[in-house]
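A short write-up of the structure that comes next.
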Amino acid sequence: MFRHLLVHASEHPSLTLGQAPPAWLSPAEQKIFAGLVFAQRRHKWLLGRWASKRLLTEMGWGGELSILNDQTGWPYALKAGKRLPVCLSISHRGDWGLAAAARAPGVLLGADLETVEDRDAALVRQFFSEAEAKRVDRLANSRVIS
């Protein structure tokens, strides 16, 4: 079983500005945040942390949390210096942040937040298998234009 939480930057005014609320980031997170040069990257990074910390608090792990990434980039949560027994996935798009978490041991979870919009056909050729590309082509050709 997993849980997820979708947040919007407007829920916390400083997030809209790409600023961390006071005393909200752990020292390890502050160090990472200070190294994020581009405003858009800071904004997205904060949205992911905001969603993750709120979700983990709803799951019973309130208090001071750190959301970090391992050497492969996979996010994980620390509380009082100990890694929480949860698989965490973070995504963001525009002013939206998404966190998904599963407590079950050994579960790997991935979540992605995307905008539904027309895409260049080159994207399909580059990232999809031949079978997936054929399915996309069939679906695109079946659209009803009103």
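Based only on Cα atoms, what mean projected area does the convex hull of region 1-64 have, in nm²?
Directional mean of the projected Cα hull area for region 1-64 stands at 4.7 nm².
May I ask you to derive the relative contact order of the chain, considering only C-alpha pairs under 8 Å and at least 6 residues apart, and to give it as an integer percent?
Computed over the chain, the figure is 23 percent.
Over the Cα atoms of the chain, how large are the radius of gyration and the largest Cα-Cα distance (Dmax), in Å?
According to the Cα coordinates of the chain, Rg and Dmax are 18.0, 57 Å.
Over all directions, the average projected area of the alpha-carbon convex hull for region 67-129 comes to how many nm²?
If you wrap the Cα atoms of region 67-129 in a convex hull and average its projections, you get 6.5 nm².
Quick one, can you get me the convex hull of the C-alpha atoms of region 32-113 expressed as volume per residue in Å³?
It comes to 102 Å³ per residue, whole-number rounded.
Taken together, the values in this text are just the output of simple stated rules run on the coordinates, not laboratory data. No experiment lies behind these values; they were computed from the predicted model shown.
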